[in-house]
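Student: Can you keep this structure in mind? I'll have questions shortly.
The values are calculated or read from the model by the stated rules, or taken from the named source; none is laboratory data. Computed from a prediction, not measured in an experiment: that's the story for all the values here. Virtual Cβ from ideal backbone geometry, glycine too; neighbours counted across all protein chains shown.
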There are 2 protein chains.
Amino acid sequence: MNDVAATGISVLLVDDHPIVRQGYRRVLESQGDLHVVAEADNAADAYGAFKAHDPDVVVLDISMPGASGLEAIRNIRARSPRARILVFTMHNEAVLVKAAFSAGASGFVTKSSEPSAVVNAIRSVARGERAMSDDIAHILAEDSLSPTGSVLDQLGEREIEILRQFAGGATTEEIATHLNLSVKTVQNYHYLIKTKTGARTDAQLVRLAATCGLTKI
Amino acid sequence: MNDVAATGISVLLVDDHPIVRQGYRRVLESQGDLHVVAEADNAADAYGAFKAHDPDVVVLDISMPGASGLEAIRNIRARSPRARILVFTMHNEAVLVKAAFSAGASGFVTKSSEPSAVVNAIRSVARGERAMSDDIAHILAEDSLSPTGSVLDQLGEREIEILRQFAGGATTEEIATHLNLSVKTVQNYHYLIKTKTGARTDAQLVRLAATCGLTKI
DNA sequence: TTGCAGCTCGGGCAAATTTCCCAAGCCGGA
DNA sequence: TCCGGCTTGGGAAATTTGCCCGAGCTGCAA
């Protein structure tokens, strides 16, 4: 890892939208101490870029098409346990946050955060601290207090990922392709999710995902 | 409207994520001819900002929480028919694209597009042309729809009623009972609605109903 | 160490639904 | 009158659902 104090903080940006990456890059580099040394637009490339550039911090959006971003976190951390990963996404569900941290993320900030909060989170993570935006802290706090958690708490990581894609409009085959699963498995998850959540209709599932903040409409 | 040739193109950015807005701002302003004169983070503020700054182009993400971005498009266009609105979002469902254009958008580009495609789309829209990214053009082409009318305008009264109940979470049998129809008829309507709107999954149908204000979630 | 529990992944198979194509009655407009 | 549209449903093939099953894996606890 580089000497942060002397050279600033090197950042690997992982997001599937080119213009979004370019925007972040400009925002971060305007800070002076942050340098984007590489970009990746999918989870598969993320580790390669990480290895090639050894960045101080990986800033990564977990809602990418294809393999789950959580997968990417585990992937990187498994092979480089010292990696610092800051999850940066539009999602703000407690289950997702918890999943990200237990996958090995060092921080979690939402895109609703002020830019200053984001860059400060990057600096914190680079120092080895844990970081999260205020809204995330609030959500985790509420979550830990409520005895009956969100419906989503009943769901496993895979189930949540499949629910998100399904509610986003993806077909069963598309989800199977994205996640490299058999159609049958996705169908089974679909059924399991319905029984676990009590949804009797696909429409109810979509509404559930929307009210839980898993999907935006 | 400003003199585009002399002053460049003034842009109003509407997106609910502050850092995303700031990123776009920097990308756009690095172009020289594009100037972000205002930002808004929700549909409600968008029209106020539009009126206050009279931008050449509104660049707007329709996937905002709360009120529909489509509503914002209609809102602006109803009161300022000369407004040029470029939808810029991560969604690429044919129904959404159609809904956006029939709501009065001048262009539709996805966030998967190259930054150069986005800025070119802004310039096209500023000239009064229609613009869309390549992926959107492909999706629309495959969808091969009749370019007239709002998505809901294609639907008959019965179809809209069935869509509303379906999106509200009712099963096919429940709808049949409510409306005193055979299950078969409701199934046929369900299928017809999907083909007419271009929705490929039930989830897309629910999203469509929600974005059109047919259902609230 | 063993064992249990829970997640993940998929096969199987009957029942149900979806997907299309079709027909017929009704009604309003040219 | 005829055309076009909405509404209502049948039929048959294709697909999905509902539910049950087992197997591999991981973490955790005794």
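Student: Only residues in segment B:10-28 that are under 18 Å from B:I62 (Cα atoms) count as the first member; pair them with residues that are of a type in the set (S, T, Y) and assigned to a helix (DSSP H, G or I), Cβ under 6 angstrom, at least 6 apart or cross-chain, and list the lot.
Tutor: Sorted first by the residue in segment B:10-28, then by its partner, the pairs are B:L13/B:Y24; B:G23/A:Y24.
Student: List every residue pair whose Cβ atoms sit under 8 Å apart, with the two residues 6 or more apart in sequence or on different chains, where the first one lies in segment B:150-170 and is at negative phi and away from chain A (no Cβ under 14 Å) and the second, anywhere, is in a loop (DSSP other than H, G, I, E, B) and of a type outside the set (G, A, S).
Tutor: Pairs that qualify, where the first residue is at negative phi and away from chain A (no Cβ under 14 Å) and the partner is in a loop (DSSP other than H, G, I, E, B) and of a type outside the set (G, A, S), are B:S150/B:C212; B:V151/B:C212; B:L152/B:C212; B:L152/B:L214; B:I160/B:L214.
Student: Inspect all residues belonging to segment B:46-57 and state whether any of them is closer than 25 Å to A:M90 by Cα, at pLDDT below 90 and aromatic (F, W, Y).
Tutor: yes
Student: Please work out if B:V59 is within 14 Å of another protein chain (Cβ to nearest Cβ), assigned to a helix (DSSP H, G or I) and over 23 Å from A:G169 (Cα atoms).
Tutor: no
Residues checked against (1) under 11 Å from the mean Cα position of the chain (by Cα); (2) surrounded by fewer than 22 Cβ atoms within 10 Å (Cβ to Cβ):
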position	(1), (2)
B:I85	yes, no
B:F88	yes, no
B:N92	yes, yes
B:A99	yes, no
B:S106	yes, no
B:E114	no, yes
B:N120	no, yes
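Student: Taking the conditions exactly as written (away from every other protein chain (no Cβ under 12 Å) and under 29 Å from A:G107 (Cα atoms)), does A:A210 satisfy them or not?
Tutor: In short, no.
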